[in-house]
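J.: One structure coming up, written as structure tokens, with questions to follow.
The values are calculated or read from the model by the stated rules, or taken from the named source; none is laboratory data. Every value quoted in this text rests on a predicted model; they were computed, and no experiment measured them. Neighbour counts run over all protein chains shown; Cβ positions are idealised from the backbone, glycine included. Just so you know, the surface numbers come from the protein's heavy atoms only, side chains and all, with ligands and any DNA or RNA stripped out. Shrake-Rupley method; radii C 1.70, N 1.55, O 1.52, S 1.80 Å.
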Amino acid sequence: METRPYFVLGDIVSNVGVGALIGVACAWLFPSGWNIVVTMIAGMIFGMVVSLPMAFLLSGLFGAMETLLPVMTTGMVAGMVVTMQSSLTTMRPEETARIGASCGLAVVIVTYLANAFIRRRATRWTT
Amino acid sequence: MDHVTRTKWDRAAVVFDLIASYGPEKRWEAFKRDLFSNMGNGEILFVAVGTGLDVPCFPEGRTITGIDISQKMLDQATRRTNAYQGCLQLLQADVHDMPFGDAQFDQVFTSCTFCSVPSPVDGLKALKRVLKPHGELFMFEHTGSRFFPFRPMMDLMTLLTRKLGPEMNRQTVENVIAAGFTLKKVTHVYMDVVKTIHAVST
């Protein structure tokens, strides 16, 4: 598991920042009144695609795959969660940013745990 | 020589260090040093030396031939290769058509190479040809993932990155086996995506 402060902080800032941006953008693009299933899928795809160029830019600072995969996951999850909520009720931008940022933080924690688990177990699948 | 691939990497050479020299190298440096510490005293081939980002991780005093398909990449590598304390010779060559005799090298090393070789199994077979019997192949590579959501994400990324540089969803471990190598060890650096591979030519 990554323990160097530069990379741990970089992972958190990247994912929280991208999550907040995707949250605000999704709520703006998919306001209340849309069908919840349609907006969930649209938000998921939008979040994943839009987070891709951001992830490429951040990867130069914080590492290639270690940045690309979590940031795209954050985009996907934040897009999905925010659009589901914003389709039900009108939300303020700071609310959507907070939800998106929370998704980013959750993705960092889950990917760190997944990395530890997969690295320990993956040898049996490939040798 | 594959002109499409050469042109692609000639273009990438301009911005390659900007993208790859800091974050990825700092993240992976310890794993690369560990892998390259396996460099022995025989003849070593390093495939796709690029702008020489890996050179500072090489142990001193080795005899290494570094190849790359892009002359512009090699031009940028000069500063780093000149600083190497050992015998490091650079050559522009395509891994599919290397100007080396059969069984010339004791070891072959690659670093983020087989995400970009157009025909990976053929490229690995070419490495097997230039390796001596029981010669060793050491690779530091990123590959596709078997897990959701990473697998479809990497397929999506590949649609965009294929034209500009690497592919993100290669199955390099399976390709090593398909090329006729015997797998000795796979170590996972990040999830099931970034890994080191040790194989032997049999």
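J.: Based on this model, can you work out whether B:Gly61 counts as without any contact (Cβ under 8 Å) to a residue 40 or more places away in the chain and either open to solvent by less than 40 Å² (accessible area, probe 1.4 Å) or not in a strand (DSSP E or B) (or both)?
T.: Against the criterion (without any contact (Cβ under 8 Å) to a residue 40 or more places away in the chain and either open to solvent by less than 40 Å² (accessible area, probe 1.4 Å) or not in a strand (DSSP E or B) (or both)), B:Gly61 qualifies.
J.: Pull out all pairs, ordered by first then second residue, where Cβ-Cβ is under 6 Å, the residues are six or more apart or on different chains, the first lies in the stretch B:66-92 and is aromatic (Phe, Trp, Tyr), and the second is modelled with pLDDT of 95 or more.
T.: Here the result reads B:Tyr84/B:Val55, each pair linking the stretch B:66-92 to a residue that is modelled with pLDDT of 95 or more.
J.: Can you work out which of the residues in the stretch A:77-123 that are open to solvent by 20 Å² or more (accessible area, probe 1.4 Å) and touching a Cys at 6+ places or on another chain (Cβ under 9 Å) is farthest from the other protein chains (Cβ to nearest Cβ)?
T.: A:Val81
J.: Could you say which residue among B:Leu53, B:Leu45 is in a loop (DSSP other than H, G, I, E, B) and open to solvent by less than 30 Å² (accessible area, probe 1.4 Å)? Break it down stepwise before answering.
T.: Values: B:Leu45 fails: in a loop (DSSP other than H, G, I, E, B).
The match here is B:Leu53.
J.: Here's a follow-up. Looking at the stretch B:143-202, which of its residues are open to solvent by 30 Å² or more (accessible area, probe 1.4 Å), facing chain A (nearest Cβ under 8 Å) and part of a strand (DSSP E or B)?
T.: B:Leu183, B:Lys185, B:Thr187
J.: When only residues in the stretch A:70-84 that are more than 11 Å from A:Gly43 (Cα to Cα) and not aliphatic (A, V, I, L, M) count, which is nearest to the chain's Cα centre (by Cα)?
T.: In this case the residue turns out to be A:Thr74.
J.: Let me ask another. Between A:Phe56, A:Phe62, which is among the aromatic types (Phe, Trp, Tyr), closer than 17 Å to B:Leu18 by Cα and at pLDDT below 95?
T.: Within the list A:Phe56, A:Phe62, the selection yields A:Phe56.
J.: Here is a list: B:Ala93, B:Ala77, B:Ala48, B:Ala12. Which entry is within 14 Å of another protein chain (Cβ to nearest Cβ) and within 17 Å of the chain's Cα centre (by Cα)?
T.: Details: B:Ala93 fails: within 14 Å of another protein chain (Cβ to nearest Cβ); B:Ala77 fails: within 14 Å of another protein chain (Cβ to nearest Cβ); B:Ala48 fails: within 14 Å of another protein chain (Cβ to nearest Cβ).
Result of the check over B:Ala93, B:Ala77, B:Ala48, B:Ala12: B:Ala12.
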